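Have a look at the structure below before the remarks.
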Amino acid sequence: PYSPPDDLRLGFDVAIAQGVVLAGAPETTGRLGAAYLWHKHSSGMWRQRISPVRTSEAGSFYGHGVSLNATHFYVGSPNTSNATGEVSGHVISNGNEVANAFGVFSVEGGLLGSRIAVSDALIAVSAPGYSLYSSNGVGMTPTGAVFVRGLDGSGKATTPAPATFTPSASDAERYVAR
């Protein structure tokens, strides 16, 4: 039987939709990360339907944030190259991954993909490391942001973004002052 590594951290984030469970494990060997998918069989038994989905970039924390709807699952990698967070999408059918991963979107320096929420038509993704320019001229202020995008029929994010939520300038200044 499969024996997971000691640093798996399976269940760091989880999602469930229509008899499918998705679990992230961002600290697998070398912090490559993984996402595991289980499907509830008609017999009532849960079965792992795919082998762990992994990224090839060490330290990316793939699986830090996960979410799914009836047709796709999404996995965040908040620490890819140059701290550019990324969200990848995967097509599922009957609890099986049926297509290779595709890029949904990325944000430079924002730790995008730390958390993900998805519906049939929208995806909201946190970027807690996202920075706004401070109005007092001091420099970049790490305020965080939430990016909301529409989803097209293939599960890919539409552009431009319908919304990006960040704290107001006065909130950012209070944050820096503390």
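No lab work stands behind these numbers, since they all come straight from the coordinates. Only a predicted model underlies this, so the values are computations on that prediction, with no experimental measurement involved. Positions of Cβ are generated from backbone atoms using ideal geometry, with glycine treated the same way; all protein chains shown enter the neighbour counts.
Available extension along the chain between Leu122 and Phe165 is 14.0 nm, counting 0.36 nm per residue and deducting the alpha carbon span. Summarising the amide proton neighbourhood of Thr28: residues at separation of 5 or more, or on other chains, whose placed amide H is nearer than 5 Å comprise Gly33, Ala34.
Applied to region 144-158, the Karplus parametrisation 6.51 cos²θ - 1.76 cosθ + 1.60 on θ = phi - 60° returns per-residue 3J(HN,Hα) values of x, 7, 10, 9, 10, 10, x, 10, 7, x, 8, x, 8, 5, 8 Hz, with x for Gly and Pro. Between amide H atoms placed 1.01 Å from N, distances below 5 Å from Gly110 occur with Gly85, all of them 5 or more places distant or on a separate chain.
Place the peptides 17-23, 36-42, 75-81 in order of packing, highest mean first, counting for every residue the other Cβ atoms within 10 Å and averaging per peptide. Write out the running numbers ahead of the final one.
Values: 17-23: 18.3, 36-42: 16.6, 75-81: 25.4.
Result, highest mean Cβ count within 10 Å first: 75-81, 17-23, 36-42.
Compared with the alpha-carbon gap, the fully stretched path from Val91 to Val14 is longer by 26.0 nm at 0.36 nm per residue. Near the amide H of Leu122, within less than 5 Å, lie the amide hydrogens of Leu151, all on another chain or at least 5 residues away, with H placed in the peptide plane.
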